[in-house]
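The structure appears below as structure tokens.
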Amino acid sequence: MNISTFAKRFLAPLLLTVAPAVLAAPAIPSPPQLAAKSYVLMDAASGQVLVEHNGDERLPPASLTKLMTAYIATLEIQKGQINPSDMVTVSENAWRTGGSRMFIQVNTQVSVDDLLHGIIIQSGNDASVAVAEHIAGSEDAFADMMNTTAQRLGLKNTHFMNATGLPHPEHYSSAADMAKLARAIIYEEPEHYAIYAQKEFLWNNIKQPNRNLLLWRDKTVDGLKTGHTEEAGYCLVASAVRDGMRLITVVFGTDSEQARAAETQKLLTYGFRFFETRTFYQKGAELATTPVWKGEQSQVKAGLAQDLTLTLPRGQVDKLQASMNLDSRLMAPVQQGDVVGQVEVRLGDELVHSANLIALETVEEGGLFRRLWDSIRLFFFGLFN
């Protein structure tokens, strides 16, 4: 199928999933230079990093750590291992944990749901330890779960020693890793993600505000988490949605609460102003059929394993060209998920992305007559192709 035919058929809603790669840059201004040690701007849908400075540098994450604590708790709820209504007995160890607090009392019982609110909104170290002990038996065992989860998410510059983010020389993360974690939280647990947008939480007759100032300043911001220690400085992971496009920002090491909000706002403004993201095709959608030799069926449906999401400088989508190549000698049996071809998407002369087309169904081997007949057909097909 040539490019023009393919474009007419598929580019109206377009096509394939683009990996987080740097695209050809048209005339857009340089990104803002922030007063921060490290920062990242990521498109949430595609995972593409649009701006970064020292994004892989290992730094103390302070209370950004609690993103992982809350994430694991929501995963445990999702798996049925714990329930939001479960009552957690507060240990003396959790009660004595220093730093920011939810103000839970020793030997009292608090629901998992309330503790999650205390972790996310109030940044309670006591709540974090209580949840860690409830899930894993001890904070040390919970830290092992955190590190295993970090490995699964591909967080290569992250290592946790506790559930709170209190300083430890072997406790670190990076702006790029925190952006990946935020992306997982947003898409894997949308129900619990709503907690991150809440501006305040009342517990034990103490009302504490969410420390993310952007929740008051920018109505498009709906999360995620602040952090601060003397060693880490002021940190913020934030996310916002405008016109269907979601961005994630991570800022490490600013010098004040006001600064982390202001510097984050610069990244959001830049990203929304100069980039656009579109999801053109859902995974599993049929994009083509391709012949199958010696099979029970003569054709197999082909599509994508992942959504097609493109993040481009504004105005570039209409300049995309795409082509599709299918395996002309595909032999049965074909298993669902087998690679049967490839799609290439180009912006001018640059290959923006190539992705495998996969079989959307299984085609078993045909009977003896079918196999013999297709062997004859293949002989002549080979002569003329």
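Just so it is clear, none of the values below were taken in a lab; they were calculated from the coordinates. Remember, it's a predicted structure, so these values are computed and weren't measured experimentally. Glycine gets a Cβ as well: all are built from the backbone with ideal geometry, and neighbour counts include every protein chain shown.
Could you give the nm distance between label points at Val106 and Glu364, where each point is 7 Å from its Cα heading toward the beta carbon?
6.7
Using a Förster distance of 41 Å, how high is the FRET efficiency between Arg273 and Glu170, based on the Cβ-Cβ distance and rounded to 0.05?
After rounding, the FRET efficiency stands at 0.55.
In degrees between 0 and 90, to the nearest 10, how far off the longest principal axis of the chain does helix 175-188 point, with axes built from Cα atoms?
Orientation of helix 175-188: about 80 degrees from the principal axis.
Around Met102, under 11 Å between beta carbons, what's the net of Lys plus Arg minus Asp minus Glu among the other residues?
On the way: positive: Arg101; negative: Asp114, Asp126.
After counting each charged neighbour, the total is -1.
Add +1 for every Lys or Arg and -1 for every Asp or Glu among the other residues with Cβ under 12 Å from the Cβ of Leu67, and state the total.
Working: positive: Lys66, Lys180, Arg183, Lys225; negative: Asp177, Glu189.
Result for the local shell: +2.
Which residue fluctuates the most in the chain, going by a Gaussian network model with Cα springs under 10 Å, if the choices are Ala141, Ala175, Ala197?
Per the Cα network of the chain with a 10 Å cutoff, Ala141 tops the list.
How high is the relative contact order of segment 38-276, in percent, with contacts defined as C-alpha pairs under 8 Å that are six or more residues apart? Before the final figure, lay out the partial values.
Details: 502 pairs, mean separation 56.5, N = 239.
Answer for segment 38-276 is 24 percent.
Might you report the magnitude of the Cβ-based charge dipole of segment 38-276 about its Cα centre, with Lys and Arg at +1 and Asp and Glu at -1, to the nearest 20 debye?
Working: 20 positive and 29 negative charges, 115 e Å.
So the dipole magnitude of segment 38-276 works out to roughly 560 debye.
Can you tell me which of 63-70, 365-372 comes out highest on packing, and rank the rest after it, using the mean Cβ neighbours within 10 Å? List each step's numbers first, then the result.
Values: 63-70: 27.6, 365-372: 12.9.
So the peptides 63-70, 365-372, ranked by packing, come out 63-70, 365-372.
Considering the convex hull of the alpha carbon atoms of the chain, report its projected area averaged over all viewing directions, in nm², one decimal. Working shown, then result.
On the way: hull surface 89.9 nm².
With the hull built on Cα positions only, its mean projection is 22.5 nm².
To the nearest 0.05, how large is the calculated FRET efficiency for Gln198 and Asn325 if R₀ is 41 Å and r is the Cβ-Cβ distance? Walk me through the numbers before you get to the answer.
Values: r = 49 Å, r/R0 = 1.21.
Working from the Cβ atoms, E equals 0.25.
May I ask you to evaluate 6.51 cos²θ - 1.76 cosθ + 1.60, the Karplus curve with θ = phi - 60°, for each residue of segment 140-149 and list the ³J(HN,Hα) values in order in whole Hz, giving x for glycine and proline?
4, 5, 5, 4, 5, 4, 4, 5, 5, 5
At 222 nm, what helix-only mean residue ellipticity would the chain give, in deg cm²/dmol to the nearest 500, using -39500 (n - 2.57) for each DSSP H run of four or more?
For the chain, the value works out to -9000 deg cm²/dmol.
Can you list the residues of segment 195-209 with backbone N under 15 Å from a point 7 Å past the Cα of Glu257, pointing along Cα to Cβ?
Of the residues in segment 195-209, 199-201, 207-209 have backbone N under 15 Å from the label point off Glu257.
Roughly speaking, what is the stretch gain from Gln81 to Ala305, that is 0.36 nm per residue apart minus the C-alpha to C-alpha distance, in nm to one decimal?
Numbers: separation 224, 0.36 × 224 = 80.64 nm, distance 2.95 nm.
Full extension of this stretch gives 77.7 nm more.
Taking 21 Å as the cut-off for C-alpha to C-alpha distance, list the pairs among Lys266/Lys319; Lys156/Lys199; Lys156/Lys283; Lys66/Lys180 that go past it.
Lys266/Lys319; Lys156/Lys199; Lys156/Lys283
Express in nm, to one decimal, how much length is gained between Arg242 and Ala35 on full extension, taking 0.36 nm for each residue of separation and deducting their alpha carbon distance. If you can, show how the numbers build up before the last one.
Values: separation 207, 0.36 × 207 = 74.52 nm, distance 2.49 nm.
Extra length available between Arg242 and Ala35 comes to 72.0 nm.
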